[in-house]
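Trainee: This is the structure I have questions about; it appears just below.
The values are calculated or read from the model by the stated rules, or taken from the named source; none is laboratory data. None of these values were measured; they are calculated from a predicted model. Neighbour counts are summed over all protein chains in view; Cβ atoms, including those assigned to glycine, are modelled from backbone coordinates with ideal geometry.
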Amino acid sequence: MARVNMMYPWDPETFNSEVMSALDNHSELISDYFREDIRLMDEHLTSSPYQSLKPNRFSYAFSDFKENVLTPILKYNRIIVWHYTRLTDDEVEMMRRRLMPSTLDYLETRLKLLVSKGLLTYEESQVVFKQSPFHKQEQNRSGMLWTTTTPEPTTDYGVEPFLNNWGGESSHFCLTDEGLKTKLKEIGLARVIEIETDLTDGLNAFSVSETVLEAWAKKLDMNVAPSGTDLSIKSSVNKAKVVKIHTEGEGSFNDLAETYPKNVQKLLRK
């Protein structure tokens, strides 16, 4: 199957010929589904007396195409995703060499590096480690590198906690020491890591198919904006690679989801 190296799931101009062909061959169905979806939602919101949202009569055919045609094709594609974090310069170099999912062991390694650089005391590092939510929720949180499929502005409330606090959820989510919380905010700089990854992990291809379909519907002049999804890179992390690192105060950091990448505002807004 054909493959693409740099596909943005929200930008049809980056879709390869195989994805384009599948979407083009089902454009009538895609238009019918989204047009009906919009009509039913408007009817639901303006109903008086109140009426429950009615089922979309095109749902079965649409879901069948999404699950059995588009998703299998997307599994053979690579896309660009976005990881919001706060890192020291040393950690940036580590990430350039090898992408690592979040684990307790990796948190411990990173804390030891901070201690060696004089950014935390050993005692402080132990407090952060012992209060990590990973101790109680390792099965749900560990071994994953979380990303978004659409770029978000660096001022977005959903990504600000990751940009403003070193270590992300593994370090500060359950931390009770307010002084130490403040200290973590001062370590490193906010970064957005642009990553190229495949879609072989779990339901990743299926999740991305929704964004692809919304992008195509927008191309067909539907009043639809591609919605992103959180994407977890797990078993395929060794095949993922860093494309670019956007650093606070440098380059395109403040342009993300505004003027970078090209046409991002036009394509991601209704």
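Trainee: What's the number of the only condition in (1) surrounded by fewer than 18 Cβ atoms within 10 Å (Cβ to Cβ); (2) touching a residue at least 24 places away in the same chain (Cβ under 8 Å); (3) closer than 21 Å to M95 by Cα; (4) not aromatic (F, W, Y) that E186 fails to meet?
Mentor: Tallying (1) surrounded by fewer than 18 Cβ atoms within 10 Å (Cβ to Cβ); (2) touching a residue at least 24 places away in the same chain (Cβ under 8 Å); (3) closer than 21 Å to M95 by Cα; (4) not aromatic (F, W, Y), E186 fails exactly one: (2).
Trainee: Exactly one of these conditions fails for P151: (1) closer than 23 Å to L104 by Cα; (2) at pLDDT 90 or above; (3) crowded, with 18+ Cβ neighbours inside 10 Å. Give me its number.
Mentor: Failed condition: (1).
Trainee: Looking at the range 56-82 only, could you name the residues that are among the small types (G, A, S) and within 12 Å of L213 (Cα to Cα)?
Mentor: Answer for the range 56-82, where residues must be among the small types (G, A, S) and within 12 Å of L213 (Cα to Cα): just S63.
Trainee: Which helices (runs of 4 or more DSSP H) sit wholly inside the range 1-109 and have at least 3 residues that are out of contact with any helix residue (DSSP H, G or I) (no Cβ under 6 Å at 6 or more places or on another chain)?
Mentor: Output list reads 17-25, 27-46, 59-65, 89-97.
Trainee: Of all the strands (runs of 3 or more DSSP E) wholly in the range 179-270, which have at least 1 residues that are closer than 28 Å to E18 by Cβ and among the hydroxyl-bearing types (S, T, Y)?
Mentor: Correct list: 189-198, 230-233.
Trainee: List the number of the failed condition for L220; all other conditions in (1) at pLDDT 95 or above; (2) crowded, with 18+ Cβ neighbours inside 10 Å; (3) touching a helix residue (DSSP H, G or I) at 6+ places or on another chain (Cβ under 6 Å) hold.
Mentor: Result: L220 passes all but (2).
Trainee: Of all residues in the range 108-153, how many are among the hydrophobic types (A, V, I, L, M, F, W, C) and either within 21 Å of the chain's Cα centre (by Cα) or farther than 22 Å from K185 by Cα (or both)?
Mentor: So the count comes out to 4.
Trainee: Still on this structure: Specify which of the listed residues (K181, K185, K234) is in contact with an Asp or Glu (Cβ under 6 Å, 6 or more places away or on another chain) and within 23 Å of F162 (Cβ to Cβ).
Mentor: K234
Trainee: Within the group Q126, Q137, which residue is within 19 Å of L114 (Cβ to Cβ), surrounded by fewer than 21 Cβ atoms within 10 Å (Cβ to Cβ) and polar (S, T, N, Q)?
Mentor: Q126
Trainee: Can you find a residue that is surrounded by fewer than 16 Cβ atoms within 10 Å (Cβ to Cβ), in contact with a strand residue (DSSP E or B) (Cβ under 9 Å, 6 or more places away or on another chain) and not aromatic (F, W, Y) anywhere in the range 20-41?
Mentor: no
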